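The structure under discussion appears below in the form of structure tokens.
The values are calculated or read from the model by the stated rules, or taken from the named source; none is laboratory data. All values derive from a computational prediction rather than experimental measurement. Cβ placement follows ideal geometry from the backbone for every residue including glycine, while neighbour counts extend to all protein chains displayed. For the accessible areas, the whole protein counts, side chains as well, though only heavy atoms, and no ligand, DNA or RNA atoms are used. Shrake-Rupley method; radii C 1.70, N 1.55, O 1.52, S 1.80 Å.
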Amino acid sequence: DPSGTFVQLRLGLAQTACRKRAPQRHCRVLESRRRPTCLACYKFDTSDVPKVLDKYHNCGPSHHLVAKEIRQRDEAECRAVEEAGKGGDTLYLPGMFAFSRGLPA
């Protein structure tokens, strides 16, 4: 894509029996615990040192009743991130620009 590189990551997290203070290499996964699924989308420009044009990330429960709605919202947000930096009609969102009022002359 000439407007940049789009990356989408889907991660499944699992709670383990290891403590945060004393990390170990091999940790037992707790089976009956929650397992959230995380989605992250990034769009980088094409410069020598890539900069993030837009990003979206969300970690939500995978077992919840509204998981389908969350997944649909995530997909829509990732599509918007993928479109970042493309020419043509760019979407204006409130808060994209900030203006300050100058002092009277």
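Residues that are farther than 30 Å from R79 by Cβ and open to solvent by 80 Å² or more (accessible area, probe 1.4 Å) number at least 1 in none of the strands (runs of 3 or more DSSP E) confined to the stretch 5-63.
Yes or no, residue by residue, for (1) out of contact with any helix residue (DSSP H, G or I) (no Cβ under 8 Å at 6 or more places or on another chain); (2) at pLDDT 75 or above; (3) of a type in the set (A, V, I, L, M, F, W, C):
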| site | (1), (2), (3) |
| --- | --- |
| R10 | yes, yes, no |
| Q15 | yes, yes, no |
| A22 | yes, no, yes |
| Y42 | no, yes, no |
| C59 | yes, yes, yes |
| D74 | yes, yes, no |
| V81 | yes, yes, yes |
| A84 | yes, yes, yes |
